[in-house]
1. Just to confirm the filter: which GluC sites (Glu not before Pro) across segment 85-161 are DSSP coil and have at most 15 other Cβ within 10 angstrom of their Cβ?
2. Please work out the average accessible area per residue across segment 76-166, using the 1.4 Å probe convention, and give it in Å².
3. Go ahead and estimate [θ] at 222 nm for the chain from helices alone: -39,500 (n - 2.57) per DSSP H run with n ≥ 4, summed, over the residue count, rounded to 500.
4. So if each residue of separation counts as 0.36 nm, and I subtract the Cα-Cα distance between residue 206 and residue 104, what length gain in nm does that give?
5. Between helix 62-94 and the chain, what is the angle of the helix's C-alpha long axis to the longest principal axis, kept within 0 to 90° and rounded to the nearest 10?
6. What are the semi-axes of the equivalent ellipsoid of segment 50-160, taken as the square roots of 5 times the eigenvalues of the Cα gyration tensor, listed largest first and rounded to whole Å?
7. Angle, helix 198-217 long axis vs. longest principal axis of the chain, Cα atoms, 0 to 90°, nearest 10?
8. Set Lys and Arg Cβ to +1 and Asp and Glu Cβ to -1, take the dipole of the chain about its Cα centre, and tell me which of 66, 205, 90 lies farthest positive.
Amino acid sequence: MPPLFTSLTLLDGIAFVWFVLLWWGYGWLTDRRQGAPTSLNQHMLRIRIRWMTNMLYRDNRVMDSMLMGHLIHSVSFFASTTVLVLAGLLGILASSESSYRVVMELGFTQPTAKPVFEAKLLLLLAIFVYSFFSFTWAVRQFNYTIALIGGAPLDPGDEALTTAKAAAKMMTLAITSFNRGLRGYYYAFASLGWMIHPYAFIALVALVTYVLWRRQFHSAAFDAVARYSAHGMGERPVGGKSQGGM
């Protein structure tokens, strides 16, 4: 058998399964939940529909272009940062002998075999690779959103709601990809606990999941957005121009 499998303990295996289940489970709960809006992400979808509807009824759409540019800049920043993080992790993996020695000499880390230490580095590497692909896919979907905005009719007419929903859906897909990449950063920090002890890994994964869940379902941001989403979210802005123009 490979040295990794003979060196892994049962507790290491349980900690890794716990990590995968909580990351996947939280992602499923927030990104794939169907039905009435209950999470912050679901409420934001309704607000984006309203944003795109307002955009259609504006004669000057420069502000919307600036906001989209800001979103793309933020995602591109994280994609570039992730490349730097990956380069650093590859450097640590290339010099794993000295890195292993330094980590094992720390007074608060559990002694582990070198193959297990390298597997922990590979887990970090895999998380950031996943985040990089999520960020770059988000950038592409934002570009598709820009195309939908650019192709929006000047006089919306009966197409207003259909166009707004299509643009808002594409923007939501882009932001969902961005959120997945950002979530990878949170769980990468939690996985650092595995370098200390499997129990620390388990505890940090649970803590990160709780923090993310609370922000998504029981935060002040959720209350503010839910309150706005529940009122005044009609299909057309109040005071907007008529279908025939003014």
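The values are calculated or read from the model by the stated rules, or taken from the named source; none is laboratory data. Values in this document were obtained by computation on a predicted structure and should not be read as measured data. In this analysis, Cβ positions are derived from the backbone assuming ideal geometry, glycine residues included, and neighbour counts consider all displayed protein chains. For the accessible areas, the whole protein counts, side chains as well, though only heavy atoms, and no ligand, DNA or RNA atoms are used. Shrake-Rupley method; radii C 1.70, N 1.55, O 1.52, S 1.80 Å.
1. 105
2. About 53 Å² of surface per residue is accessible.
3. On the way: 10 runs with 189 residues, N = 246.
Computed mean residue ellipticity for the chain: -26000 deg cm²/dmol.
4. 34.2 nm
5. The two axes meet at around 10 degrees.
6. Numbers: eigenvalues 467, 25, 23 Å².
For segment 50-160, the semi-axes come out at 48, 11, 11 Å.
7. That works out to roughly 10 degrees.
8. In the chain, that residue is 66.
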